[in-house]
Amino acid sequence: MLNYSLKRFVYMLITIWVIVTLTFFLMHMIPGDPFTSEKKVPEQIRQNMLAKYHLDKPLIVQYGYYLNNLIHGDLGISLKYLNRTVDDIIKQSAPASFQLGIQSIILGVIFGLLFGIIAALKRGGGWDYFSMFLAIIGISVPNFIIATLLQLLLASKLRWLPVSGWGSFKYTILPSIALSFSTLSIISRMMRTSMLDVIGQDYIKTAKAKGLSQLQIIWKHMVRNAIMPVVTVLGPLIAGIVTGTFVIEQIFSIPGLGKFFVQSIYDEDYSMILGTTIFYSVILVVMMFLVDIAYGLIDPRVRLAKGGK
Amino acid sequence: MGDREVLLDVQNLEYSFDTYAGEVKAVRDVSFQVMKGESLAIVGESGCGKSVTMQAVMRLNPEPPGRFKAGKIIFDGREISKFSERQMQSIRGSEIGMIFQDPMTSLNPTMTIGKQIAEVILKHQKVSKAEAMKRAKEMLDVVGIPNADRRINQYPHEFSGGMRQRAMIAIALACRPKLLIADEPTTALDVTIQAQILDLMKDLQREFNTSIIMITHDLGVVADIAERIIVMYAGKIIETGTSDEIFKHPQHPYTWGLLKSVPRLDAQNKEKLVPIVGTPPDLFAPPVGCPFAARCNYAMKICYEAQPEYTNETDSHKVACWLKHPYAPKVKNPFEKEAYTSEG
């Protein structure tokens, strides 16, 4: 197991390196530079600015500088936010996004699983149609519409919760719910499908022939066998949500990381683009690793196949 | 058979499935009894209703689409066909055990063998988890799985097919049920393993005095294990008798067909295997007459028009065939001739 984890860790580093390299060169292929959009400055000043950030050197040298800094844990200075390092910006904005993401994932997973399981058990019944209708709404209606509807109903009309802002827990409720809809939809649909598959398996008949109650059969024999596909999608899903979402954070005025993903590209803020990309890919790769570990815990057949090699 | 007590008494069972295309009459007016300690085989080709009958007894079919239409099922003096689902749960696994056709898919892949055996013990008996695991290990010993200590913590994928079927038997017998229903238990196994599993079932039957109902289409298995045989066709029992009666003096043309389509070691000369031509009738609209008439070489006009009644050959041997009617033409029974020559 230790050997396997070590191997996985090396692969993770290689993956991140590939992502960094590709992003670095692709980003520099965008026409212009970080100062293109600024007001016209004398050529000499412009040259000085480029020199300060090593942008006047050949691309491969810049790449060398960047990698060297990266190894020392330095993501560089933002080219847009004066005197702020990318590390600082991420450290300041990530927690809000992270909290929101985790809360919405928990909501989405719990209700997604619940709806999916009930829909499969009551296949063709009212519950099935209700939860699948909800899932289609959740997938097809953009979350900013759900967000504004929630604001209108729960905050503006009923005045139960604040419309927007950031501070205490109550500020996080509406955005978490709004964010959770897509997770809930994806998970409930996947869980329904794989539950339907498991319900037809012979070992469910065996479990029934043992005299187990319906609840025992569902909990001990169905859910664990049906949950694998859900775990698979959960990795990328979590990585996507905990690193912040542009739209929801804008709507609720949350000081999260989401806007930097989008804004840095408009600004051609090279170090910010790379910083957010690295942050996202590290989380994604770690999540994938956790998913693989979870596989082994859930399904013993996966465990054996890996141990054997 | 009169000296033993009746354990399971199925009376006039009718069981159907409601599908979009209509009602499938899977079991039609089936009655039979199983004595304590007896082994009974239900024989027939695929779709003849043999599995559905036993699943109706255990009430394992999802309802709907399954529907218990009529009849009585009396088990050990209690009319279990009137039981609630909760009452049935207390019978399943503890008083009636069941094993299924495919051991590769009948065990939960994500649960250790030990837990799967212990689960049924914990459900029906007031014992601690540790005690249940201890008994699970004993059951593995009983069904002949070596290294039970290690095996108990393994998962189904670490077991071979024969081992898994042994584990299934351990689950089914863990609570010492009075009746074991085996639904084609050897069909998915290769021949050498089949023999081992059958021997094991016979040994355990003697040891625990369990009644066995063996559902199968394999007459070789039947000859090995069954004292009494029921031959089913298109949801009906067409012939029933002791093992000797069915193998040596079969009366129904369908039973003849079944017997002629399997190779026999004791055949006098090189007999050809004869398949039964055609397919079973559509159970959406079962024929009015004898269900086998359309495939029967001896079919008469009456066979298409009315169901034959049961005729008693002996106390234990019953057959539903118009050839048994006093006015019917005499047909030479291909097996009687053989039986006489071998005896005389």
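Read-outs: derived from the displayed coordinates by stated rules, not from any lab. A quick note: this is a predicted structure, and the numbers were derived from the prediction, not measured. Neighbour counts run over all protein chains shown; Cβ positions are idealised from the backbone, glycine included.
Quick notes on this structure:
- Restricted to Cα atoms, segment A:136-273 shows a radius of gyration and a Dmax of 20.3, 65 angstrom.
- Distance from segment B:316-332 to segment A:110-157 (C-alpha centre basis), Å: 66 Å
- Taking 20 Å as the cut-off, the amide N atoms of segment A:40-63 that come nearer than this to a point 7 Å along the Cα-to-beta-carbon line of A:ARG84 belong to A:53.
- Descending principal axes extents, chain A, alpha-carbon based, whole Å: 84, 60, 31
- Sorting B:MET168, B:MET54 by the number of Cβ atoms found within 10 Å of their own Cβ, with the fewest placed first, yields B:MET54, B:MET168.
- Per principal axis, descending, Cα span of segment B:58-131 in whole Å: 42, 29, 18
- Positive minus negative residues near B:SER39 (Lys, Arg vs Asp, Glu; Cβ under 9 Å): 0
- With eigenvalues of the C-alpha gyration tensor scaled by 5 and rooted, segment B:186-313, Å: 29, 18, 14
- Taking a straight line from the alpha carbon of A:LYS170, these lysines sit under 30 Å away, with near neighbours fewer than eight places off in the same chain left out: A:LYS91, A:LYS157, A:LYS259.
- For a label point 7 Å along the Cα-to-beta-carbon line of B:GLN125, residues of segment B:80-119 with backbone N under 13 Å: B:94-95, B:117-119
- Restricting the calculation to alpha carbons of the protein assembly as shown gives Rg and Dmax of 35.2, 124 angstrom.
- Ordering B:153-163, B:272-282, A:264-274 by mean Cβ neighbour count within 10 Å, with the highest value first, yields A:264-274, B:153-163, B:272-282.
- Each stretch of four or more DSSP H residues adds -39500 (n - 2.57); spread over every residue of chain A, this sum gives -23500 deg cm²/dmol at 222 nm.
- Straight-line reach from B:LYS301: taking Cα to Cα under 17 Å and skipping same-chain neighbours fewer than 8 places apart, the lysines in range are B:LYS324, B:LYS330.
- With 10 Å bins beginning at zero, the pair-distance distribution over Cα atoms of segment A:230-293 amounts to 22, 43, 29, 6 %.
- Just so you know, the averaged projected area of the alpha carbon convex hull for segment A:1-151 sits at 15.7 nm².
- Test item: B:105-114 mean partner chain Cβ contacts at 10 Å: 6
- Filter on B:LYS25/B:LYS69; B:LYS50/B:LYS202; B:LYS50/B:LYS82; A:LYS205/B:LYS25; B:LYS236/B:LYS318; A:LYS208/B:LYS25 - keep pairs with C-alpha separation over 18 Å: B:LYS50/B:LYS202; B:LYS50/B:LYS82; A:LYS205/B:LYS25; A:LYS208/B:LYS25
- Scalar couplings 3J(HN,Hα) for segment B:252-258, obtained by applying the Karplus form with A = 6.51, B = -1.76, C = 1.60 to θ = phi - 60°, are 8, x, 5, 5, 4, x, 4 Hz; x denotes Gly and Pro.
- Number of partner chain Cβ atoms within 10 Å, mean per residue of A:197-208: 6
- Comparing B:GLY22, B:GLY93, B:GLY144 in a Gaussian network model of chain B (Cα springs below 10 Å), the most mobile by mean-square fluctuation is B:GLY22.
- Charged side chains reduced to their Cβ positions (Lys and Arg at +1, Asp and Glu at -1) give segment A:179-253 a dipole of some 420 debye around its Cα centre.
- What the Cα atoms of segment A:1-71 give is an Rg and a Dmax of 17.4, 60 Å.
- Fraction in percent of alpha-carbon pairs per bin - 10 Å, segment B:1-96: 15, 47, 32, 6, 1
- Beta bridges per DSSP, both residues in the protein assembly as shown: antiparallel share near 65 percent.
- Counting 0.36 nm for each residue step from A:TYR11 to A:ILE30 and taking away their Cα separation leaves a gain of 3.9 nm.
- Taking every residue in B:90-96 and counting other chain Cβ atoms within 10 Å of its Cβ, the average works out to 3.
- Folded to 0 to 90 degrees: helix A:169-199 orientation relative to chain A principal axis, Cα: 50 degrees
- With both residues required to sit in chain B, DSSP beta bridges show an antiparallel share near 60%.
- Computed extension length for A:LYS39-A:VAL282: 83.9 nm, one decimal, from 0.36 nm per residue of separation with the Cα-Cα distance subtracted.
- Pair B:GLU309, B:GLU79: separation of 7 Å Cα→Cβ label points (nm): 2.7 nm
- D_trans [Stokes-Einstein, Kirkwood Rh over alpha-carbon pairs] for chain B, 20 °C, 1.002 mPa s, µm² s⁻¹: 100 µm²/s
- Note on B:GLU63 and B:GLN33: their simple-model spin labels are 2.5 nm apart, each label 7 Å out from Cα toward Cβ.
- Computed from Cα atoms, the angle from the helix B:334-343 axis to the main principal axis of chain B rounds to 80 degrees.
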